[in-house]
Amino acid sequence: MLAKDYQVISLSALVEARTKGESLPDNAVVITFDDGYASNYELAFPVLKEFGLHATIFVTTGFLDREEMFWFQRIDLALGRAKKELLDWKINGKKLRLYLGTYTLRQQSLTLLLPELKELPDADLLGEVARLEAALGVDEPGFDDLPAAMRPMTWEMACEMSFSGHVDIGGHTHTHPILSRCDTMAMRAEIATCRDRIHAETGELPTLFAYPNGSSDDFTRETLMLVREAGFKAACTTITGRVPDNVPMLQLPRYGSPESVWDAKATVSGAFETLKDWRQRYQKARAML
Ligand SMILES: [Zn+2]
C-alpha cells in the first residue's frame, strides 16, 4: 500500500528538506521502528528490500549488546511464569491487587503495573523489578527465555541492514530508561554510550534519535540539549500527529504501529486527522451553545 500510493522517504531526507526549507510531496511517509528487535530484520527488512523502501531503526544499544533485556520484558516474563495466582503489591503509595491466573488477567495486571513502574526514578526501577520477581517466585530471566519476536537483533543484522541502503540505524539510548527520570549524568551517559556503540559497530555516526517511551513527559528541555550536544540532528517522540512545517526537529511527532492495512491507510491518508478536526470543531461549537 505504501509503495503503491505513497512516497516513502528516509527520515534524513525529511530532516534535510526541513532544514533547507524545501517542500516535500504531500504523500511523503517516513517509516521508523524502535528498540532493535530481531523481527525488524527477519520480517520487515525483506519487505523493505522487495518494495525498495527506506526505514530508520532506533536501537537500544545495551539490548543489542545483550547486556540487559528491557525491564518491561522482565515484568512480562515474571507475570507469565509466576508461581501464584494473586499478588498484592504496594507501589507509589498505592495497593495493587495483581491477578495472574489467566493470560487475560495477567495482561490486566500488566496494564496496572507498567504505568506505576514508569513513575519511579530510573535508579530505583531495576531494584523494584527484582523485588517483584522475588515476590512472584521467579528467577531473573535470560535472553533465551524471550519469545523469538522479542529478542534483540544482532549487530551483524544491524550492519547488514545499514549497508543495504534501505535502513538507517538511529539511537534509542543504551538501556532504554525514561530520560526524564534520570539525573543529568545518567542521561548524558545513556545518550553518548548509545551513539558510540552504534559508531563502533556500524562505522556510522548516528544523527537520528528516538526517546524511550516518547511522550511529552518522558524527556525534558535538558534532554533536548544533551541529544543535540551528542550530535543528533533530529529526534522522534511518540506524540501522535503529522509533521508540520514548523515542527522542532528534536520533537518529531509519529503515529504508533497500525494494526491492519486499513488502519495504516487511515493514518497515512490523513483520515484520522480530518476526523480529529471535525470532532474538535464540533466540541467547540457545542461549548459555545
Ligand atoms: Zn523503545
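So if we plug the beta-carbon distance of residue 114 and residue 140 into 1/(1 + (r/R0)^6) with R0 = 22 Å, what FRET efficiency do we get, rounded to 0.05?
The computed FRET efficiency comes out at 0.75.
Based on Cβ point charges of +1 for Lys and Arg and -1 for Asp and Glu, what charge dipole magnitude is obtained for the range 132-206 about its Cα centre, in debye rounded to the nearest 20?
The calculation lands at about 340 debye.
Roughly what % antiparallel, to the nearest 5, for the DSSP beta bridges in the chain?
30
Could you list the trypsin sites (Lys or Arg not before Pro) in the range 75-121 that lie in coil according to DSSP, counting only those with at most 10 other Cβ atoms within 10 Å of their Cβ?
Counting only loop positions with at most 10 other Cβ atoms within 10 Å, the trypsin sites (Lys or Arg not before Pro) in the range 75-121 are 83.
Take residue 245, project a point 7 Å from its Cα along the Cβ direction, then tell me which residues of the range 4-39 have their backbone nitrogen under 20 Å from it.
Residues passing the 20 Å test: 13-30.
Taking 0.36 nm per intervening residue step and subtracting the Cα-Cα distance, what contour gain separates residue 148 from residue 257 on full extension?
37.3 nm
Once phi is turned into θ = phi - 60°, what whole-Hz ³J(HN,Hα) does the Karplus curve with 6.51, -1.76 and 1.60 give for every residue of the range 22-35, x standing for Gly and Pro?
8, 8, 10, x, 4, 9, 6, 9, 10, 10, 9, 10, 9, 5
Express in nm, to one decimal, how much length is gained between residue 103 and residue 186 on full extension, taking 0.36 nm for each residue of separation and deducting their alpha carbon distance.
Here the segment from residue 103 to residue 186 would lengthen by 26.3 nm.
Can you compute the modelled spin-label distance between residue 217 and residue 285, with each label point 7 Å from Cα toward Cβ, in nm?
For the pair residue 217/residue 285, the computed spacing is 3.4 nm.
Given contacts defined as C-alpha pairs under 8 Å and at least six residues apart, what's the relative contact order of the chain, whole-number percent?
17
Is the C-alpha gyration tensor of the range 135-236 telling us rounded, prolate or oblate? Criteria: a/c under 1.5 is rounded; beyond that, a/b larger than b/c is prolate, otherwise oblate.
Verdict is oblate for the range 135-236.
Which length gain, in nm to one decimal place, applies between residue 42 and residue 96 when the Cα-Cα distance is subtracted from 0.36 nm times their residue separation?
Length difference between fully extended and current span is 15.6 nm.
Under the rule of at least 5 residues apart or a separate chain, name every residue whose amide H is placed under 5 Å from the amide H of residue 29.
The answer is 7, 8, 9.
Counting other Cβ atoms within 10 Å, which trypsin sites (Lys or Arg not before Pro) in the range 12-71 have at most 16 and lie in a DSSP loop?
66
With a 10 Å cut-off between alpha carbons and a GNM built on the chain, which of 267, 104, 60 moves the most?
104
Among the GluC sites (Glu not before Pro) within the range 50-81, which fall in a DSSP loop and have no more than 14 other Cβ atoms within 10 Å of their own Cβ?
Answer by residue number: 67.
All of the numbers you see were taken from the coordinates with simple rules; none came from a lab. Everything numeric here is computed off the predicted structure, so don't read it as measured data. All Cβ positions, glycine included, derive from the backbone under ideal geometry; neighbour counts span all protein chains shown.
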